[in-house]
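For reference, the structure discussed in these notes is given below.
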Amino acid sequence: MPIVAQIKAELIENTYYVIHMTGEIDVNQLPVLESITKPLLEENNVKGFVINCSELTFIDSKIVGYIAYLYTTLTHSNKKLLIAGANDTINDILTLVGLNAIITFFPTVDEAIQSFNI
Amino acid sequence: MKFIRENLINKAFLLFTVLVAAVVTVGIVLNRMQVSSISLNLFLAVSVLVLAFILIVFILDVIIPLNRVIKQVTNLLTGKNYKKVNPITIDEIGVMTHFFNEITTDLEKISYDIKERRRMSSELDIASKIQQDVLPKEAPETPGLDIVAKTRSAAEVGGDTFDFLMSPDKNQLFVYIGDVTGHGVPAGLIMMMVDTLVTAMVSQGVSNGRDLIVNTNNLLTPRISSRLFMTSVMLRWDKQAQKMYYTGAGHEHILVYRTKTEIVETIRSGGIALGMIPNVAQIVQEKEIPLEIGDTIVLYSDGITEAKDKIGNMYELDKLTASLKRHGYRPSAESIFDNLTKDFSNFVGEYVQVDDITMIVIKYLGKDSATSKVKLEVSVDESQAERKSKLWGWS
């Protein structure tokens with residue numbers, strides 16, 4: 001049974017946002033992803049975002065493009081974007097376009113959050 | 001009073017009541033004055049006055065407003081110039097006048113939308129034509145290589161591209177495929193920018209794939225949103241040395257069918273997509289693809305691997321690879337291409353194309369083989385109606 005596509009943001013320690021993406025996220029979910037994440041980009045107290053891919057089964061090129069946009073926008077504000085829990089499929093998609101060259105990947109969300117404090 | 005003003009029947013009833021009241025009042029007055037008879041002239045004069053009053057009220061309140069709106073409705077229906085009518089009553093005629101005004105406002109809006117759509121459609125056709133003109137119609141003769149390249153857009157303007165460019169000294173042939181995020185006009189504009197930049201740089205003597213990718217990225221990134229990017233593979237064929245090199249920019253895998261072993265190698269293109277970050281010099285590399293006679297290279301866009309069948313299964317890399325493994329032995333690039341696309345068409349069946357699709361097949365025939373013309377096809381010259389119903393199939 002396919003996992004229902006779902007996107008939600010969670011504020012951790014009042015400092016990091018974890019973006020949980022679940023199921024197949026493609027261009028149809030892009031407006032939801034934008035509406036959730038865009039306001040969060042403006043928050044000054046936030047040090048960075050972690051995209052939790054542990055329940056993610058597929059993303060298309062539009063979502064990859066939006067992740068690149070998040071990376072650029074956050075980097076301009078001296079904030080970080082990290083990716084956590086990507087399975088082989090997601091890892092392949094992100095690696096194929098070269099995002100692994102600019103974004104750090106972590107096996108779990110906890111490890112990604114810990115890296116903020118190092 | 002509002003009760004009377006907003007209904008024609010109530011108005012008629014009021015006027016009739018006025019008429020009856022006038023007759024009754026005159027009768028009562030005459031009776032009290034003990035007038036047993038009045039002159040015929042006086043009776044007629046009073047009657048005419050009362051009827052004239054009723055008639056004037058009827059003309060002012062019903063006939064004139066009705067005529068004003070009927071005249072404009074007639075103009076509208078017969079295609080003449082019409083204008084909006086200011087409603088002066090709040091009865092059924094006022095409602096009809098208001099309705100007429102609303103209808104004409106909507107008609108004007110619809111008419112504007114139709115004109116605007118025609119204009120946009122015409123401009124899209126022009127953009128599509130410009131894009132066709134940019135894509136190669138023929139390529140330089142390439143001794144040793146047999147090449148087939150085809151692209152099909154999902155919309156009037158596509159985001160996939162390919163090109164064949166010969167260096168000014170005629171020693172290097174550059175073959176590249178590009179795929180901009182999404183499809184349609186935004187993707188098409190970026191594709192045009194990249195095509196122009198690459199063509200200009202090759203003509204100016206940039207002689208390796210890495211420099212082409214790095215320089216294109218340097219010029220492209222500040223000019224586009226980071227949400228849009230183009231993945232690409234740049235092949236460089238050294239004619240004299242008969243060697244093939246590739247530089248990746250975050251594109252799909254490069255497939256190589258090895259004739260000797262009958263296996264398909266999948267090579268990660270590497271690099272990072274064009275337009276994502278300002279400087280890619282540290283990420284991008286040019287590497288060799290060693291080729292033996294009979295080996296075949298396949299470049300493709302994700303419109304192929306992400307294509308779905310009617311129940312939503314994706315074609316994916318493994319099916320394309322398996323197809324190449326079955327058909328890679330064939331003697332010409334065209335026969336390999338035809339069979340790859342036949343397998344692809346059989347898989348996707350009736351599924352309607354939602355992304356641009358492009359494939360390049362290059363077979364290495366050896367230096368002494370007969371020179372063959374590159375076969376190119378750009379399927380972007382169909383009318384919009386045809387394209388909408390177009391199935392994925394290429395064969």
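The values are calculated or read from the model by the stated rules, or taken from the named source; none is laboratory data. Please read all numbers here as calculations on a predicted model, not as lab measurements. Note that we place each Cβ from the backbone using ideal geometry, even for glycine, and neighbour counts take in every protein chain shown. Only protein heavy atoms, including side chains, enter the accessible area calculation; ligands, DNA and RNA are left aside. Shrake-Rupley method; radii C 1.70, N 1.55, O 1.52, S 1.80 Å.
Before we move on, is B:L212 under 22 Å from B:P136 (Cα atoms) and either of a type in the set (A, V, I, L, M) or at pLDDT 95 or above (or both)? Criteria met by B:L212.
Within the range A:69-89, the set of residues being β-branched (V, I, T) and either more than 17 Å from A:H20 (Cα to Cα) or modelled with pLDDT under 95 (or both) comprises A:T72, A:T73, A:T75, A:T89. Screening A:N87 with (1) without any contact (Cβ under 8 Å) to a residue 40 or more places away in the chain; (2) open to solvent by 10 Å² or more (accessible area, probe 1.4 Å); (3) under 11 Å from the mean Cα position of the chain (by Cα); (4) more than 14 Å from every other protein chain (Cβ to nearest Cβ) gives one miss only, at (3). Scanning the range B:1-22 for residues that are open to solvent by 80 Å² or more (accessible area, probe 1.4 Å), free of Cβ contacts under 8 Å to residues at least 24 places away in the same chain and under 20 Å from B:I56 (Cβ atoms) gives B:M1, B:I9, B:F13, B:F16. Considering (1) touching an Asp or Glu at 6+ places or on another chain (Cβ under 8 Å); (2) without any contact (Cβ under 8 Å) to a residue 40 or more places away in the chain, the lone condition that B:A333 does not fulfil carries the number (2).
Of the set (1) open to solvent by 10 Å² or more (accessible area, probe 1.4 Å); (2) more than 25 Å from the chain's Cα centre (by Cα), all apply to B:D302 but (2). The numbered conditions (1) at pLDDT below 90; (2) open to solvent by 70 Å² or more (accessible area, probe 1.4 Å); (3) among the charged types (D, E, K, R) are all true for A:D60 except (2). Note on the range B:205-242: residues that are assigned to a loop (DSSP other than H, G, I, E, B), open to solvent by 40 Å² or more (accessible area, probe 1.4 Å), away from chain A (no Cβ under 14 Å) and free of Cβ contacts under 8 Å to residues at least 24 places away in the same chain amount to 1.
Conditions (1) within 29 Å of B:D238 (Cβ to Cβ); (2) out of contact with any Leu (no Cβ under 6 Å at 6 or more places or on another chain), marked per residue:
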{"site": "B:T151", "(1), (2)": "yes, yes"}
{"site": "B:A155", "(1), (2)": "no, yes"}
{"site": "B:F162", "(1), (2)": "yes, yes"}
{"site": "B:N171", "(1), (2)": "yes, yes"}
{"site": "B:I177", "(1), (2)": "yes, no"}
{"site": "B:T181", "(1), (2)": "no, no"}
{"site": "B:G184", "(1), (2)": "no, yes"}
{"site": "B:G188", "(1), (2)": "no, yes"}
{"site": "B:M191", "(1), (2)": "yes, yes"}
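Evaluation of B:Y245 against the conditions (1) modelled with pLDDT under 95; (2) more than 14 Å from chain A (Cβ to nearest Cβ); (3) closer than 30 Å to B:I224 by Cα shows that the sole unmet condition is (1). When you check B:Y300 against the structure, is it under 17 Å from B:G178 (Cα atoms) and among the aromatic types (F, W, Y), yes or no? Yes, satisfied.
Considering the range B:108-192, the qualifying strands (runs of 3 or more DSSP E), each wholly inside and each with 2 or more residues that are within 21 Å of B:V206 (Cα to Cα), run over B:160-166, B:172-180. Against the condition under 20 Å from B:D356 (Cβ atoms) and either surrounded by fewer than 13 Cβ atoms within 10 Å (Cβ to Cβ) or over 24 Å from the mean Cα position of the chain (by Cα) (or both), how does B:F174 come out, does it pass? No; evaluated as a whole, the condition is false for this residue. The number of residues in the range A:2-31 that are assigned to a strand (DSSP E or B) and under 19 Å from A:T89 (Cα atoms) comes to 9. Given the condition closer than 25 Å to A:N117 by Cβ, buried (at least 16 other Cβ atoms within 10 Å of the Cβ) and touching a Ser or Thr at 6+ places or on another chain (Cβ under 7 Å), answer yes or no: does some residue in the range A:23-39 qualify? No, the range A:23-39 has no match at all.
The set of residues in the range B:4-62 being assigned to a loop (DSSP other than H, G, I, E, B) and within 60 Å of the chain's Cα centre (by Cα) consists of B:E6, B:N7.
The number of residues in the range B:266-293 being more than 14 Å from chain A (Cβ to nearest Cβ), over 27 Å from B:L220 (Cα atoms) and within 37 Å of the chain's Cα centre (by Cα) comes to 0. Put simply, of B:T199, B:T181, B:T161, B:T151 the only residue that is more than 29 Å from A:D60 (Cβ to Cβ) and either crowded, with 24+ Cβ neighbours inside 10 Å or polar (S, T, N, Q) (or both) is B:T199. Evaluated against (1) among the β-branched types (V, I, T); (2) open to solvent by 20 Å² or more (accessible area, probe 1.4 Å); (3) within 28 Å of B:I267 (Cβ to Cβ), A:T75 falls short on exactly one condition, (3). Checked against (1) facing another protein chain (nearest Cβ under 10 Å); (2) open to solvent by less than 50 Å² (accessible area, probe 1.4 Å); (3) more than 14 Å from the chain's Cα centre (by Cα); (4) not polar (S, T, N, Q), A:A68 passes all but condition (3). For the range B:75-85, indicate whether the set of residues that are under 18 Å from B:T104 (Cα atoms), open to solvent by less than 60 Å² (accessible area, probe 1.4 Å) and in a helix (DSSP H, G or I) is non-empty. The answer is yes; a qualifying residue exists.
Close Cβ contacts (under 6 Å, 6 or more residues apart or on different chains) running from residues in the range B:55-76 that are farther than 15 Å from B:L107 by Cβ to residues that are in a helix (DSSP H, G or I) comprise B:P65/B:I93; B:L66/B:I93; B:V69/B:M96; B:V69/B:T97; B:V69/B:F100.
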